[in-house]
Amino acid sequence: MYNTHEITPGLHWIGGNDRRLERFENLFPLRFGVAYNSFLIMDEKTCLLDTVDLSISQLFLENVEHVLNGRTLDYLVVNHMEPDHCGNIESIIRRYPDVRFIGNAKTFQFFEQFYGFDARKNYQMVKDQEELNLGSRTLRFYTAPMVHWPEVMMTLDVTNHILFSSDSFGTFGAHNGTYFADEMDYRRDHLDEARRYYANIVGKFGVPVQGIMRKLSNEVIEMICPLHGPIYRNEELALILDKYEKWSHYIPETNSALLIFGTMYNNTENVVDALATRLGQLGVRNMRIYDVSEHDPSYLVAEAWNYSHIIIASPTYNTGLFYKIDGLLHEFVSLNLQNRKFSLVVNSTWGGQTLEQLLEQIGKMKNTSVVGEPLLIKSTLKEHNMLELDALAKDIAASILNE
Ligand SMILES: Cc1cc2nc3c(=O)[nH]c(=O)nc-3n(C[C@H](O)[C@H](O)[C@H](O)COP(=O)(O)O)c2cc1C
Ligand SMILES: [Fe+2]
Ligand SMILES: [Fe+2]
């Protein structure tokens, strides 16, 4: 049975939810599933903006048919050629064989790479900022390469000031009956997941994100419809635009300490707890401590986007970094994390290259520095380490509190 919602006159949300999916992209754990948004404009011409994942095809096709209510489909705009939004292009073209399939050269190239279905007669190639009139409204297509794939476009309804933003502004989590961010406790329930989505999926592409935001900066935008999660308008629109400004410039939101440790026998954890307690005594607030083995890296990546100061504590493992710490730092580097202050704790029993490896990874991130002297522990924290621990805590606290 169909499930659709008219979000503004003539604009229908016709997507769906997958609440069983364990991991998005088979990588990122989902606590509350994921939503695939798709939108159908009913004007003099009918226009579908993106399809959905294959897992919800049946519902989606019913939704399309229900909203079309006997009319045919004139246009299918494909803003993003990733399979979570393209699983139903073939079904749509088979059902509406005259539909014009709107994309750019890369869209069609990827379509042909992914699918064996010949849709060449349906192709309608558009260029950056080309327009399409649907009757009472006009769409303008903006190419947004590498946000987060090369073929990505954003489509602006210039008449109604609605931006169909592709994966940008997307959030993990299924819908809960309301579709606008202002119809839920967005800050409490969704902002952290929006950050996790951004940091892990779009985070590497801060420069292209800034590019498209600049390109759109002269446009009036009153609503953003992303391909996953809530739709933004009013205050929440201002909030998420502000977050994207910060996130894409790698500007931390929380001026405090994020402490991430690895441990086998809890001795390194003990050092981190002692360091954090000292930081608290020195006036640092809102710290967070994470055991790297207890959390999926995507949550720690999101926290790294959030926090200004990152303290990494690693035991020595086979002469080098504890590999979950190594993997996390590799992810930070690969996602272009920058503009952060790091402090280091190394625990070793006989010796190794752990500190050198930490410094090497941090050196690969732009605009980072190491605050304080790295704290070197032999197996367990001892009374004679306390002076050095205290000195490190003072340096970190001064750096946080003076910012
Ligand atoms: C499999 C394994 C390999 C280790 N390799 C090294 C090493 O190469 N060099 C070293 O100094 N300590 C090594 N250690 C000892 C750990 O560094 C030591 O257990 C750690 O410093 C204690 O911290 P933790 O209680 O937080 O795990 C190793 C420990 C394990 C279990
Ligand atoms: Fe995507
Ligand atoms: Fe997506």
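The values are calculated or read from the model by the stated rules, or taken from the named source; none is laboratory data. No experiment lies behind these values; they were computed from the predicted model shown. Don't worry about glycine lacking a Cβ; one is built from the backbone with ideal geometry, like all the others, and counts go over all protein chains shown. Calculation scope for accessible area: heavy atoms of the full protein, side chains included, ligands and nucleic acids excluded. Shrake-Rupley method; radii C 1.70, N 1.55, O 1.52, S 1.80 Å.
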So, relative contact order of region 179-243 in percent, Cα under 8 Å, 6 or more apart, is 50
What nm value, rounded to one decimal, do you get for the distance between Asn176 and Met264 when each label is placed 7 Å out toward the C-beta? 4.3
Does region 1-126 classify as rounded, prolate or oblate by the C-alpha gyration tensor (a ≥ b ≥ c root eigenvalues; a/c under 1.5 gives rounded; else a/b over b/c gives prolate, otherwise oblate)? oblate
Quote the charge dipole size of the chain about the Cα centre in Debye, to the nearest 20; the model charges only the Cβ of Lys and Arg (+1) and of Asp and Glu (-1). 500
How tilted is helix 354-363 with respect to the longest principal axis of the chain? Cα atoms for both, answer in degrees (0 to 90, nearest 10). 40
For Ser217 and Leu359, what does the FRET efficiency come to when R0 = 35 Å and r is the distance between their Cβ atoms, rounded to the nearest 0.05? 0.35
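Students often get this wrong, so check it: of Lys127/Lys243; Lys106/Lys215; Lys324/Lys364; Lys106/Lys324, which have C-alpha atoms separated by over 25 Å?
Listed pairs above 25 Å: Lys127/Lys243; Lys106/Lys324.
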Vicinal HN-Hα couplings computed from phi for region 29-43 (Karplus, 6.51 cos²θ - 1.76 cosθ + 1.60; Hz; Gly/Pro x): x, 10, 7, 10, x, 8, 10, 10, 8, 9, 10, 10, 9, 10, 10
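Would you mind classifying region 5-248 by shape? Square roots of the alpha carbon gyration tensor eigenvalues, ordered a ≥ b ≥ c; an a/c under 1.5 is rounded, otherwise it is prolate if a/b is larger than b/c and oblate if not.
rounded
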Choice from Ser248, Ser38, Ser379 showing the highest fluctuation, given a GNM over the chain with Cα pairs closer than 10 Å: Ser379
Region 5-248 accessible area per residue, 1.4 Å probe, protein heavy atoms, integer Å², reads 40
Which order do Asp53, Asp98 take by accessible area at a 1.4 Å probe, largest first? Asp98, Asp53
Taking Cα atoms, the helix 386-401 axis meets the longest principal axis of the chain at an angle in degrees (rounded to 10) of 40
Suppose each label sits 7 Å from its Cα in the direction of the beta carbon; what would the Asp185-Met125 distance come out to in nanometres? 5.2
Under 5 Å from the placed amide H of Val77, counting only residues 5+ away or on other chains, we find Leu48, Leu49, Asp50, Ile102
Relative contact order computed over the chain (Cα-Cα under 8 Å; 6+ residues apart), in percent: 11
Hey, what angle do you get for helix 297-306 against the long axis of the chain, alpha-carbon based, 0 to 90 degrees rounded to 10? 80
Quick check: at a probe of 1.4 Å, how many percent of the accessible area of the chain sits on carbon and sulfur atoms? 48
